[in-house]
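Okay, structure first, notes after.
The values are calculated or read from the model by the stated rules, or taken from the named source; none is laboratory data. Please read all numbers here as calculations on a predicted model, not as lab measurements. Quick reminder, even Gly has a Cβ in these numbers, built from the backbone with ideal geometry, and neighbours come from all protein chains shown.
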Amino acid sequence: MHLRTIIAATVFGIGLAATAASADELKAGYSLPPTSHYGVGVTAMNEELTRLSNGKWTIKQFPANALGGEREMVEGAQIGTVDIVATSTGPVGNFVPDTLVTDIPFLFKDYKHAHAVLDGPIGQKILDQFPKHGLIALAWGENGFRNLTNSKKPVKTPEDAKGLKIRTMENQVHMTAFKTLGVLPTPMAFPELFTAMQQGTVDGQENPIGVILGAKFSQVQKYLTVSQHVYSPALIILSPSVWNKLSDQEKGWFKQAALAGAKAMRQKAEDDAANGIEELKKQGMEVTPGVDATAFQAALKPAYDEYAKKFGQAKIDEIRNYKY
C-alpha cells in the first residue's frame, strides 16, 4: 500500500511537471527569418506575455518554416502540435473562408484604412469566426501591400503582366484576380518558391517589400513592380489546446500580448516598405515605381463580379467605403 502510494505520487508529480513544462514554453512558428516583421512581432508578443504572466509563459521561436509551411503550421495549431502561428491570411482562407474578403485587389486605400477596418467591428467579426473552425485568432498583424516581381520584363500595365507564370498563395481570391489578368497563377508553398524561381519553374511572385527583402528574392528576380495590388494582413493564431486551459485573466494576457506583437509587426512591415525599395535597387533589381491602378481595376471587372457573388457586394462596399 505504502509503495503504491509513493508510485502514485511520483506519477502524479511527473504529470504535473509535464503540464508545467508545456505551459511554460510555447512553440511559435512563422515562415520568414527572425529579423523579419514576423520575428519582430513574435519577439514583442513574447516580451509582453512574459511580463504579464510573470514568467509563467515564454515563447520559443521557430522561424523560416522550421515547423513547415504556413498551411502546415495552421493545421498544427488546429491539432495542438504548434502553439502559436504568425501567418499571412493567404492559406487561412482554406480554414476560415471569411478571411478571404480581405484579399480582394485594390480594396484598401492605404494602411490607415486597412487598420481601421481590421481593428474595428468588421475585423472583429472575422476573428469571431475562428473558434468554430478549430482555431483562435488573437490579433490582426501585417504583411503590408503586395508587389509583383519577375525575371522576364518590367510590368506597368495589365497587358505587360499577361502570360507571366506567377507563384501565388493557395488562395482562390488571388488566383481569380491573376487569371482574369491573363497571368498564369501557380499556387505553391512558400518554402518551395526560391528554388522554383531559381530554376525557372515560375517567372515571378508577389509579396510585400519586407518579405521580398527577407527572403532574398533579389538574387533570383530582376524586376520589381511597386503594384500594391493587395493589402496583405497577417494573423497571430493560437492553438485551442492552449486557449482552452486558460483562465479568463490569462486569456486577457494572451490577447494583450498578441496586440503588442501585432503593433510591432505592423511598424516593422511599414518601415521595410518605406526603406526596402532602395535596398532592393542596391541589390540589382530594376524598379517600376507604380502601376496604372485604374487600368488594373478595369481589367479586373470580371473578377470583381465573381467576388460580389461570393462575398456579397454590400460586404465589399462596407469595407471599401469605411469611414476612418
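Taking I166 as the residue in question, decide whether it is at pLDDT 95 or above, within 26 Å of Q267 (Cα to Cα) and aliphatic (A, V, I, L, M). Can you show your working first?
Working: at pLDDT 95 or above: yes; within 26 Å of Q267 (Cα to Cα): no; aliphatic (A, V, I, L, M): yes.
Spelling it out, it is not the case that I166 is at pLDDT 95 or above, within 26 Å of Q267 (Cα to Cα) and aliphatic (A, V, I, L, M).
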(message) Exactly one condition in (1) touching a Pro at 6+ places or on another chain (Cβ under 7 Å); (2) of a type in the set (S, T, N, Q); (3) within 19 Å of T43 (Cα to Cα) is false for Q256; which is it?
(response) (1)
(request) Go through the residues of the range 239-255 one by one and say whether even a single one is touching a strand residue (DSSP E or B) at 6+ places or on another chain (Cβ under 6 Å) and outside any helix (DSSP H, G or I). (result) no
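Within the range 268-292, can you find the residues that are in contact with a strand residue (DSSP E or B) (Cβ under 8 Å, 6 or more places away or on another chain) and either of a type in the set (K, R) or under 22 Å from L181 (Cβ atoms) (or both)? Spell out how you get there, then give the answer.
Quick first cut of the range 268-292, residues in contact with a strand residue (DSSP E or B) (Cβ under 8 Å, 6 or more places away or on another chain) only: 269-270, 272-273, 277, 280-281, 285-291.
K281, M285, E286, V287, T288, P289, G290, V291 - these are the residues of the range 268-292 that are in contact with a strand residue (DSSP E or B) (Cβ under 8 Å, 6 or more places away or on another chain) and either of a type in the set (K, R) or under 22 Å from L181 (Cβ atoms) (or both).
Which residues, taken from the range 263-296, are among the aliphatic types (A, V, I, L, M) and in contact with a Leu (Cβ under 8 Å, 6 or more places away or on another chain)? Even if it seems obvious, please write down each step before you answer.
Within the range 263-296, the first condition is being among the aliphatic types (A, V, I, L, M), and the residues that meet it are 264-265, 269, 273-274, 277, 280, 285, 287, 291, 293, 295.
Within the range 263-296, I277, L280, M285, V287 qualify.
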(message) Quick check on this structure: which one of A295, A314 is touching a Ser or Thr at 6+ places or on another chain (Cβ under 8 Å), outside any loop (DSSP other than H, G, I, E, B), at pLDDT 95 or above and closer than 25 Å to Y111 by Cβ?
(response) A295
(request) Could you check P154 against (1) outside any helix (DSSP H, G or I); (2) buried (at least 18 other Cβ atoms within 10 Å of the Cβ); (3) in contact with an Asp or Glu (Cβ under 9 Å, 6 or more places away or on another chain) and say which number it fails? (result) (2)
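Do the conditions hold for D292, that is, is it in contact (Cβ under 8 Å) with a residue 24 or more places away in the chain and among the acidic types (D, E)? Steps first, please.
Numbers: in contact (Cβ under 8 Å) with a residue 24 or more places away in the chain: yes; among the acidic types (D, E): yes.
Taking the combined requirement at face value, the residue satisfies it.
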(request) Please specify each residue of the range 267-319 satisfying the condition of being farther than 24 Å from P97 by Cβ and among the β-branched types (V, I, T). (result) I277, V287, T288, V291, T294
(message) Exactly one condition in (1) of a type outside the set (D, E); (2) in a helix (DSSP H, G or I); (3) surrounded by 23 or more Cβ atoms within 10 Å (Cβ to Cβ) is false for S218; which is it?
(response) (3)
